[in-house]
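The values are calculated or read from the model by the stated rules, or taken from the named source; none is laboratory data. Quick caveat, the model's predicted, so the values are computed rather than measured. Counting neighbours? That spans all protein chains shown, and the Cβs are built from the backbone with ideal geometry, glycine included. Surface areas here come from the heavy atoms of the whole protein model, side chains and all, with no ligands, DNA or RNA. Shrake-Rupley method; radii C 1.70, N 1.55, O 1.52, S 1.80 Å.
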Amino acid sequence: MPFRSKLPDVETTIFTVISRRAAEVGALNIGQGFPDFPIDPLLAQRVTEAMIEGRNQYAPGDGLVELRRAIASKLGRAHGVEADAVEGVTVTCGGTEGLFSAIQAAVHPGDEVIVFDPAYDAYEPAVRLAGGRCVRIPLLPPQFAIDWDRVRAALTPRTRLVILNNPHNPACVVHARAVLDELAATLRGTKTLVLSDEVYEHCVFDGRKHASVLSHPELRERSFAVFSFGKTLHVTGWRVGCCVASPPLMREFRKVHQFNTFSIATPIQAGIARYLDDKPQAWAGLSDFFQAKRDRLLAALAGSGFRPLPSQGTYFQLLDFSELSEASDVEFADRLIMEGGIALIPLSPFYRERPRLRLLRICVAKRDETLDLAARKLHEFTASRVRPVVA
Ligand SMILES: Cc1ncc(COP(=O)(O)O)c(C=O)c1O
């Protein structure tokens, strides 16, 4: 019997495609966003202790209260956000579930959702499963600035949600407070909600400060914000994050969350809560840590022909290869895997209408040795392509 797909045109994600190709030929996979360095042993110890002590049964659906308190207190200290630990914070299965449950809670059939391209690939399928339609507005390099005239023109009475990603993956830009002011002014007088994907809140470079929608007095009440412990404690495989919103929005969010994942692994929550008790400033040096990695990679890439675009934040760095090839980014990424033994992520698949870009994304959340190896491979690839001119 033919299966009538709800997402007929959704393909395997570009991350899976590239990772598969890389595995087939044994290429260094440095496009996808996950750290390859060890976690703090104290964090592992705290989670192990929680398991051994028997904290292995269902956690409350909203999350362990001690973890929700730790999250609320950290949001206050880090971003000046006031969050209600009891009614305004829910622990989720990574940032991904936070996004999915918020979208299911907010979007009705026929609703429109404004999404900025290049867009993280989890947004659109979730909107479509809720019966909504994404209106995608492109942000173009090198600035990837939001064209507010286009946003205003796209707003209709059906616009239920605007999805903002700050810091933005894969554009690697950090939206300043002024962007939030502009968003607030644009949405004034509408019923449109905001879903702010802030999983890279602690990867902001060159003295920038993260501006959370939750710290904006006008946006606060209409916003869901999503965070990820995977990104901030280097544990992407633990699948733990949270959603924070005002109590009325959170009540609706929880209706979806309870039938989606119900609750998140108890010992992981208990372990993280204890760890944050031990180290309430666990996040303090993260931006400097990732910035040093970005700078190491950039120094090592000098003279390689790969031109870096400014990376203001996130785990990533964009590289422009237009000096090296006229190929599309998808073709060039494939060539790099096959001929250079290194896998990077092309940018154009993150757009609905793929512009002709010559940009690849590389992950800087890696050990220094991995970054050095990546730079060596990229230099070697370039050198192998520059053929001596025979007179
Ligand atoms: C922009 C963005 N949002 C959300 C996520 C998902 O986070 P998590 O791994 O916590 O589900 C990612 C992960 O790469 C991401 O880059």
Trypsin sites (Lys or Arg not before Pro) restricted to DSSP loop in the stretch 284-391 with at most 10 other C-beta within 10 Å: R356
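Roughly how many percent of the accessible protein surface of the chain is carbon and sulfur, given a 1.4 Å probe and a whole-percent answer?
Ligands and nucleic acids excluded, carbon and sulfur reach 54 percent.
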Rough spin-label spacing in nm, given labels placed 7 Å along Cα→Cβ, for L129 and L7: 0.6
Listed residues T266, T192, T13, most fluctuating in the chain (Gaussian network, C-alpha, under 10 Å): T13
The stretch 133-230: relative contact order in percent, alpha carbon pairs under 8 Å with at least 6 residues between: 27
Surrounding net charge for L233, when Lys and Arg each add one and Asp and Glu each subtract one, Cβ distance under 13 Å: +3
Percent breakdown of C-alpha pair distances by 10 Å bin, ordered from the shortest bin, for the stretch 104-149: 28, 45, 23, 3
The stretch 305-377, dipole about Cα centre (Lys/Arg Cβ +1, Asp/Glu Cβ -1), debye to the nearest 20: 180
Net charge of Cβ neighbours under 13 Å - reference V330; Lys, Arg +1; Asp, Glu -1: +2
Among N260, N166, N29, residue whose mean-square fluctuation peaks in a GNM of the chain (springs only between Cα atoms under 10 Å): N260
Hits among aspartates and glutamates - C-alpha to C-alpha of K209 under 14 Å, sequence gap 8 or more where chains match: E198, E201, D288
For the stretch 332-337, Karplus couplings with θ = phi - 60° (6.51, -1.76, 1.60), whole Hz, Gly/Pro x: 5, 4, 5, 4, 4, 5
Neighbour-limited loop hits for chymotrypsin sites (Phe, Trp or Tyr not before Pro), the stretch 1-65 (at most 14 other Cβ within 10 Å; DSSP other than H, G, I, E, B): F3, Y58
Helix-only CD estimate at 222 nm, as mean residue ellipticity for the chain, using -39500 (n - 2.57) per DSSP H run (n ≥ 4): -11500 deg cm²/dmol
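Hey, can you find the accessible area per residue of the stretch 225-267 for me, probe 1.4 Å, expressed in square angstrom?
36
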Placed amide H near S196: partners under 5 Å, 5+ positions off or other chain: L164, F224, A225, V226
Interchain or long-range residues, amide H under 5 Å from H175's placed H: H168
Crossing angle, helix 94-106 versus the chain [Cα axis fit, 0-90 degrees, rounded to tens]: 60
Unit charges at the beta carbon, dipole of the chain: most positive-side option, F229, C363, S101: S101
Gain in span if fully extended, D84 to A284, counting 0.36 nm per residue against the direct Cα distance: 69.8 nm
Separation between Cα centres of the stretch 181-220 and the stretch 39-60, rounded to whole Å: 33
Residue-by-residue Karplus 3J(HN,Hα) for the stretch 57-69, coefficients 6.51, -1.76, 1.60, Hz, glycine and proline x: 9, 2, 8, x, x, 6, x, 5, 5, 5, 6, 5, 5
Phi to ³J(HN,Hα) by Karplus 6.51 cos²θ - 1.76 cosθ + 1.60 over the stretch 303-310, Hz, x for Gly, Pro: x, 7, x, 8, 9, x, 8, x
For q = 0.19 Å⁻¹, Debye-computed log10 I/I(0) when each Cα of the stretch 38-87 counts as one equal scatterer: -0.81
Dipole of the chain, positive end: most advanced residue of Q312, Y120, Q32 [Cβ charges, Cα centre]: Y120
Debye log10 I(q)/I(0) for the stretch 53-196, one point scatterer per Cα, at q = 0.21 Å⁻¹: -1.39
Whole-Å distance, taken between Cα centres, linking the stretch 115-141 and the stretch 308-357: 20
Förster-model FRET efficiency, 45 Å R0, R335 and K255, C-beta, rounded to 0.05: 0.40
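Placing unit charges on C-beta atoms (Lys and Arg positive, Asp and Glu negative, everything else neutral), compute the dipole magnitude of the chain about its Cα centre in debye, rounded to 20.
Values: 47 positive and 45 negative charges, 85 e Å.
So the magnitude is around 400 debye.
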Alpha-carbon Debye profile of the stretch 135-249, log10 I(q)/I(0) at 0.12, 0.17, 0.24 Å⁻¹: -0.44, -0.88, -1.52
K255 - accessible surface, heavy atoms, 1.4 Å probe, Å² rounded to 10: 110
Accessible surface ranking that places the most exposed of E380, E323, E112 first, with a 1.4 angstrom probe: E323, E380, E112
Amide H contacts under 5 Å for D117, placed H, 5+ residues apart: I137, L139
Straight-distance crosslink candidates among lysines, where the alpha carbon sits under 27 Å from K377 and sequence neighbours closer than 8 are dropped: K231, K293, K366
Of the GluC sites (Glu not before Pro) in the stretch 43-72, those whose Cβ has at most 16 other Cβ within 10 Å and which sit in DSSP loop: E53
Distribution of pairwise C-alpha distances over the chain, 20 Å bins, in %: 27, 57, 15, 1
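Using the reciprocal of the averaged 1/r over all distinct C-alpha pairs, how large is the Kirkwood radius of the stretch 255-334 in Å?
Numbers: mean 1/r = 0.0594 Å⁻¹.
Result for the stretch 255-334, one decimal place: 16.8 Å.
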For the chain: relative contact order, % (alpha-carbon pairs under 8 angstrom, 6 or more apart): 25
Whichever aspartates and glutamates have a C-alpha closer than 13 Å to that of K191, once near sequence neighbours (fewer than 8 apart) are set aside: D111, E112, E218, E221
